[in-house]
Amino acid sequence: MSLSALLEERRPQRADARRNFDAVLAAAVTAYAELGAGVGMEEIARRAGVGVATLYRNFPTRIALMEAVYLATVDELVRFGNSIEEPDPWNALEMWLLKFADFMRTKHPIVTVLTEASVVYAPARDAIYRIADPLVERARQAGEVRLDVDADDVMRVIFAVTGGVYRDDPQLQRAVRIVLDGIQPHVPLT
């Protein structure tokens, strides 16, 4: 089942309820990115322009809301990955990894709360790997990625790099660039 379908299962049928659901979801995406995973449900309801009861009717627990946010944002990331039409394998992989690093930077607070026990963890991970696996393999086949590196290696290093605390975005970008340099075949120094 796709991530969109999993999210759609949670979305109410009535138009007004759907609008409230979507407003809460959008407010939560922004609030978690700005304030972290500890942001209160009342703050999210306020930002969405709905009452707390409406928020809880749609998302009965904080975890349910985080799961919906994670599904929606991973779905957006996957759509980006599917839209990459870059013919150069390295450039396509680089585009994906930079977008993924940015995604992880803003979603790290949620990812740290959700665990493998979450019902959305495995489908989201699988969807991410369905993008990463062919991009890494294509770049490997083109000689742009080391033969001893696979997509799982690359994604785990990116997960680790994006989980750190950086003084600013340029420092995070440098860390991602170090990973990118590290997965390329070694070129002997002359």
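The values are calculated or read from the model by the stated rules, or taken from the named source; none is laboratory data. Please read all numbers here as calculations on a predicted model, not as lab measurements. Positions of Cβ are generated from backbone atoms using ideal geometry, with glycine treated the same way; all protein chains shown enter the neighbour counts. Protein only, heavy atoms only, side chains kept; ligands, DNA and RNA dropped before computing areas. Shrake-Rupley method; radii C 1.70, N 1.55, O 1.52, S 1.80 Å.
Of note:
- Convex hull of segment 44-119 built on C-alpha atoms - directionally averaged projected area, nm²: 6.3 nm²
- Two numbers describe the Cα atoms of segment 89-190: Rg and Dmax, which are 14.3, 52 Å.
- The distance between label points at Arg138 and Asp153 comes to 2.1 nm (points 7 Å beyond Cα on the Cα→Cβ vector).
- Volume per residue for segment 1-79 equals 85 cubic angstrom (convex hull of Cα atoms).
- Accessible area (Å², per residue) of the chain, counting only protein heavy atoms and a probe of 1.4 Å: 53 Å²
- Split the accessible area of the chain by element, probe 1.4 Å, and carbon with sulfur accounts for 54%.
- Near-label residues of segment 129-161 by backbone N, under 19 Å of a point 7 Å along Cα→Cβ of Asn91: 135-145
- Modelled label positions at Thr61 and Glu76, each set 7 Å beyond Cα in the direction of Cβ, lie 2.5 nm from each other.
- At full extension, Arg167 and Ile84 could sit 26.9 nm farther apart than now, given 0.36 nm per residue minus the alpha carbon distance.
- With the gyration tensor restricted to C-alpha atoms of segment 136-180, the semi-axes of the equivalent ellipsoid amount to 24, 11, 6 Å, longest first.
- The Cα atoms of the chain define a convex hull whose projected area, averaged across directions, is 12.4 nm².
- Counting only protein heavy atoms and using a 1.4 Å probe, the accessible area of Asp148 comes to about 100 Å².
- Free of any GluC sites (Glu not before Pro) that DSSP assigns to a loop and that have at most 15 other C-beta atoms within 10 Å, the longest stretch within the chain is 1-84.
- In the elastic network of the chain, a GNM with C-alpha springs shorter than 10 Å, the most mobile of Leu35, Leu114, Leu135 is Leu35.
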